[in-house]
Amino acid sequence: MLVDTHLHLEEVEDSDAAVEEAVAAGVTAMITMGTDLASSVRAVELAERHDTVFAAVGHHAMNDADPDLAAFARLLDDPLVVAVGEIGLDGGGQPGYAQMERQMGWFGALCDLAHEHGLPVSVHVRESEELVYRVLRARPGLTGVMHYFSLDQEWAERFLGLGFHLSFAGLVTRATRGGLREVARACPADRLLLETDSPYGQAHKRMGTPNRPAYLLDTAEVVAELRGISLDALGELETANALRIFSRMR
Ligand SMILES: [Zn+2]
């Protein structure tokens, strides 16, 4: 029993089969992300199509156009929408100051929408941790997940200090990522989540093949071993955490 708390199902090849494979592998629920309004609408459609799929609606930092906030607000009333995501800040392309200002505007507005609707956020961070931290810290009471967590222990503690959860992906399966493995080992049991970020975010042993939600097991096995618990025990705690934070899944 595991929950894939962040993936892009519409980008996964043969998504119907991918959902079936995942369920057969023990992934009992999946949260598929939107990256703009159109893909957010499709995320809701995928959630309507599969009992085991839930939707998040969001506007990714790398978009060119501004989000239609009124349209997003309407989508949030759908009971199959369990989070706002994928949202966040991306400094990876070294955006100019004006572009980062725009990203900050969207990110803040979408965090506010989530908060008003009592929904958690699934947050993307790339070369932007300080700014992301400031946006989240300015909104006490907002809950959420640091998706694809790949920062160090100090940053883990800062985001945990805001009440956020850490979601570990395939990166943690790489033996070379000792620091990240230590973060996954030390993460408080009630703040730990898992994800594939399919079709991105491959596990070490599957480099070169597009990721699928069934491969969540690769990451879960490594995290269970790091924490010295059984796969079943990890699945139980991760599922409980997911159901608590994404409370509309219950
Ligand atoms: Zn993503």
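The values are calculated or read from the model by the stated rules, or taken from the named source; none is laboratory data. Bear in mind that the values here come from a model prediction, so they are computed numbers and not experimental data. Counting neighbours? That spans all protein chains shown, and the Cβs are built from the backbone with ideal geometry, glycine included.
Laid out as a table, the results:
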quantity: Residue in segment 239-250 that is surrounded by fewer than 20 Cβ atoms within 10 Å (Cβ to Cβ) and at pLDDT below 95 present; calculated: yes
quantity: Filtered residues of segment 222-244 (kept if in contact with a strand residue (DSSP E or B) (Cβ under 7 Å, 6 or more places away or on another chain) and of a type in the set (D, E)); calculated: E238
quantity: Tally of residues being more than 9 Å from the ligand (Cβ to nearest atom) and assigned to a strand (DSSP E or B) across segment 1-15; calculated: 4
quantity: Lone unmet requirement of (1) touching a strand residue (DSSP E or B) at 6+ places or on another chain (Cβ under 8 Å); (2) buried (at least 16 other Cβ atoms within 10 Å of the Cβ) for G92; calculated: (2)
quantity: T219 free of Cβ contacts under 8 Å to residues at least 60 places away in the same chain, β-branched (V, I, T) and touching a strand residue (DSSP E or B) at 6+ places or on another chain (Cβ under 6 Å); calculated: yes
quantity: Number of positions in segment 3-34 that are surrounded by 24 or more Cβ atoms within 10 Å (Cβ to Cβ) and without any contact (Cβ under 8 Å) to a residue 60 or more places away in the chain; calculated: 2
quantity: Among the residues listed as A83, A71, A56, the single one being without any contact (Cβ under 8 Å) to a residue 60 or more places away in the chain and of a type outside the set (F, W, Y); calculated: A71
quantity: Those strands (runs of 3 or more DSSP E) lying entirely in segment 22-120 with at least 3 residues modelled with pLDDT under 95, away from the ligand (no atom under 16 Å from the Cβ) and of a type outside the set (A, V, I, L, M, F, W, C); calculated: none
